[in-house]
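Student: For reference, the structure I am asking about is given below.
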Amino acid sequence: MDGQQVLQAMRPGDYATIWLNDGRALEAFIENIDVGTDKIFLLDIQSGEPLQLSLAEVHGVAVDNEESAPETIEQQIKRIPLGEYLMIWGQFPGAMSQTAKQGKLKHVDFPNGSLTLYSTTYDHDVWVPIDKITYIDESRTGPGALGPAQSPDWYRRPDGNWYKGDRKYEG
């Protein structure tokens, strides 16, 4: 897919899967396309972070338009049962950048545009304005990291030798 085809395939507001030249695939909402600089501005669905891509980084794109529009934040909230643990990303009041609020869904108040999470870590309620939510991560089952921040390169096996994967350190 050449650059012109990529640009013609996307429009602001589209939900798209974008394949990058390095082999990664991103699921994102297209926020803006700057044809003059060949830049694509998007919101990464998984991280909730805004990203900027150069057209040169894009290998291909698949756009999911109106026919099967992605669910809105409100639709997602309506589908989530009370008591489910959530990590909610957004640009919340008092924060300079995207932050996460997490806890068990306790109450939803659509008329007032908010929901309440119960923080199992701090034992108190957390207020979340619905209009500031950018992404809801339903994959979490509780607080804490999904994995270690860093994995060791070298480790010592019971035989006393150091290994990196299956390669033995020869010194």
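Quick note: the coordinates plus some simple rules give every number you see, no bench work behind them. None of these values were measured; they are calculated from a predicted model. Note: ideal-geometry Cβ built from the backbone for every residue, glycine included; neighbour counts use all protein chains shown.
Student: What does the extension gain come out to for residue 167 and residue 44, with contour length at 0.36 nm per residue minus their alpha carbon separation?
Tutor: That works out to 40.6 nm of additional length.
Student: Taking a cut-off of 25 Å between Cα atoms, list the lysines near residue 106, but don't count ones fewer than 8 places away on the same chain.
Tutor: Excluding near neighbours in sequence, the set is 78, 132.
Student: Now for a separate question. Using Cα positions and a limit of under 18 Å, work out the aspartates and glutamates in reach of residue 164, with same-chain residues fewer than 8 apart set aside.
Tutor: 153
Student: Also, quick follow-up: Positive end of the charge dipole of the chain (Lys, Arg +1 and Asp, Glu -1 on Cβ, about the Cα centre): tell me which of 94, 8, 23 has its Cα farthest that way.
Tutor: Of the candidates, 94 comes out farthest on the positive side.
Student: Going through segment 105-144, which chymotrypsin sites (Phe, Trp or Tyr not before Pro) have at most 11 other Cβ atoms within 10 Å and a DSSP loop state?
Tutor: Passing sites in segment 105-144 are 122.
Student: Sort segment 15-87 into rounded, prolate or oblate with this rule: let a ≥ b ≥ c be the square roots of the eigenvalues of the Cα gyration tensor; rounded if a/c is under 1.5, and if a/c is not under 1.5, prolate when a/b is larger than b/c, oblate otherwise.
Tutor: Prolate shape, in that a/c is at least 1.5 and a/b is the bigger ratio.
Student: Still on this structure: Can you list the HN-Hα couplings for segment 84-99, worked out from phi with the Karplus curve (6.51, -1.76, 1.60; θ = phi - 60°), rounded to whole Hz and with x for Gly and Pro?
Tutor: Karplus-based 3J(HN,Hα) across segment 84-99 equals 6, 6, 9, 10, 10, 9, x, 9, 8, x, x, 10, 8, 9, 4, 9 Hz.
Student: Compute the convex hull volume of the Cα atoms of the chain, divide it by the residue count, and report the result per residue in Å³ as a whole number.
Tutor: With only Cα atoms used, the chain gives 213 Å³ per residue.
Student: Please list, in chain and number order, the residues 5+ apart from residue 135 or on another chain whose amide H is under 5 Å from its amide H, with Hs placed from the backbone.
Tutor: Hits under the 5 Å cutoff: 89.
Student: Give me the number: length gained by fully extending residue 100 to residue 138, i.e. 0.36 nm times residue separation minus the C-alpha to C-alpha distance, one decimal in nm.
Tutor: 12.4 nm
Student: Report P(r) for segment 79-136: all Cα-Cα distances, bin width 10 Å, range 0 to the bin holding the largest distance, values in whole percent.
Tutor: The percentages, shortest bin first, are 25, 59, 16, 0.
Student: Rg and Dmax of segment 86-171 over Cα atoms: what are they, in angstrom?
Tutor: In order Rg, Dmax, the Cα atoms of segment 86-171 give 20.7, 67 Å.
Student: Another one. Name the trypsin sites (Lys or Arg not before Pro) in segment 21-110 that are in a loop by DSSP and that have at most 11 other C-beta atoms within 10 Å, would you?
Tutor: Sparse-neighbourhood loop trypsin sites (Lys or Arg not before Pro): 24.
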